[in-house]
1. Right, Lys235: part of a strand (DSSP E or B) and within 23 Å of Thr2 (Cα to Cα) or not?
2. Just for region 67-102: of the residues that are of a type in the set (A, V, I, L, M) and closer than 29 Å to Phe154 by Cα, which one is farthest from the chain's Cα centre (by Cα)?
3. Which of the residues belonging to region 309-320 are assigned to a strand (DSSP E or B) and at pLDDT below 90?
4. Determine whether Lys219 is over 16 Å from the mean Cα position of the chain (by Cα) and in a helix (DSSP H, G or I).
5. Could you list, in sequence order, all residues of region 170-198 that are out of contact with any strand residue (DSSP E or B) (no Cβ under 9 Å at 6 or more places or on another chain) and under 18 Å from Ile119 (Cβ atoms)?
6. Please determine whether any residue of region 54-66 is more than 16 Å from the chain's Cα centre (by Cα) and modelled with pLDDT of 90 or more.
Amino acid sequence: MTDILKIKDLTKHYVQKSAFFKKETGRANVLNGVDLTIIENEISGLIGESGCGKSTIAKLIMMLEESSSGTISFRGEDINSVSGRGKKNYYKNVQMIFQDPYSSLNPRMKVKNIIGEMIRINGGSKRDALLKTKEMLCETGLEESAMDKYPHEFSGGQRQRIAIARALVVRPKLLIADEPVSALDLALQYKIIDLLLTLKAKYKFSILYISHDLNSVAKFCDNVSVMYLGKIMEKASADKLLKEGKHPYLKALIESIPIKDPLHRTDKRSVIKGEIPGPHNIPVGCPFHPRCPERMAVCDQEIPVLKGIEGDHAVSCHLF
C-alpha cells in the first residue's frame, strides 16, 4: 500500500492578543500532535464531535491556513516546501468539497464558468473547458442545460453535484470531503455518497471523508480515525472499528448509533457525561479523562500514546 498523504505530529494553535499592547491573552490548541495517513485509492474516514479539529486538518491540507508545527507530505514531499508551479500542481492534484455547497459556489457565476475555470487555470483552452464541463455535468447526473444557470437556481443536492463536478474536472488524486452530505436530507445523502463511490471507481482517486456520523463513515470508508480534542484516539479498518472498538470514547459513539428495531434496544447503553472542553482549556493528561467512565489515576497525569495493538488497529488509551 502506497501513502498518498501523510500527516506527522501536526499541531495548530491560535494565539489571542490584546488589542492595544498585542500581548498574548490566550491560546486555542485546536490540533495537538495528529498523525494521519491516507492510502492511495482508498477512502479514509475522519470522525469526531464538532470542535475536535477535523475541519482544521482539511484547511491545513488545502494550505488555507499554516500549521503551528508538524508536517503534511503529499507523495513524499512536504507541502510547505512547494511554491510556484509546484503549488499549482498540488492544487490540481488535491481538491476539496465543502459542507455547504451554496456558500462554496460563486453566486455571480454561471455553472459553465464555475466548473470551466478549473480547466482554464490549469492551461486548458476555452473549448476544452466547455467540453469537459459538459462531460462532468453528465457524470454527476446533471443536464447540459445547467451550464447557463446560476447556483441559486438549483436545489441543495444539485449544488453539491456541481461542487463535485468542479473538484473532479481536473482529475485530482486526492479529494478532501468535509462533511459533504450533512446539509442534505437522508435520501440525498446516500445518493451523493453513491455518486462519489461511482466516480472514485472510474477515476481512481483517494478520499479523506470527514464527518460526525459514525454509521455512514463505517459504511463508506476503508479505514477510520476517531478524533477528540485535537488528537487521534483510535484508528483501524472500518469493519474492525465497529466490531472491535477499544477506546471508551469510541464505544460510547458506537452505542449512540440509533437502533431501528425496538426489540433490540436496551437502556444499558454507555453515555458520555459532561460537555466537551474547549480548545482554550485542554485537560492535563488524556484529553478524554474528565468524561471517561473507565478513568484511572494515570489518565489525569499522562497523555497516552497512539499504539498499535493488532495489524492496522491502534488506540490511544492507558487501558491498552
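1. So Lys235 fits the description; yes.
2. My answer is Val94.
3. Residues satisfying the conditions are Ile309, Glu310.
4. Answer is no for this residue.
5. Arg171
6. There is at least one residue in region 54-66 that is more than 16 Å from the chain's Cα centre (by Cα) and modelled with pLDDT of 90 or more.
A quick yes/no check of all residues on (1) of a type in the set (A, V, I, L, M); (2) closer than 30 Å to Asp3 by Cβ:
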position: Asp128; (1), (2): no, no
position: Glu139; (1), (2): no, yes
position: His152; (1), (2): no, no
position: Arg166; (1), (2): no, yes
position: Ala187; (1), (2): yes, no
position: Asn215; (1), (2): no, yes
position: Ser225; (1), (2): no, yes
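Each row is one residue, and each column tells you yes or no for (1) modelled with pLDDT of 95 or more; (2) crowded, with 19+ Cβ neighbours inside 10 Å; (3) in contact with a helix residue (DSSP H, G or I) (Cβ under 8 Å, 6 or more places away or on another chain).
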site: Pro172; (1), (2), (3): yes, yes, yes
site: Ile176; (1), (2), (3): yes, yes, yes
site: Ala183; (1), (2), (3): no, no, yes
site: Leu186; (1), (2), (3): no, no, no
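The values are calculated or read from the model by the stated rules, or taken from the named source; none is laboratory data. As the structure is a computational prediction, the values presented were derived from the model and not from experiment. Positions of Cβ are backbone-derived with ideal geometry, glycine not excepted, and every protein chain shown enters the neighbour counts.
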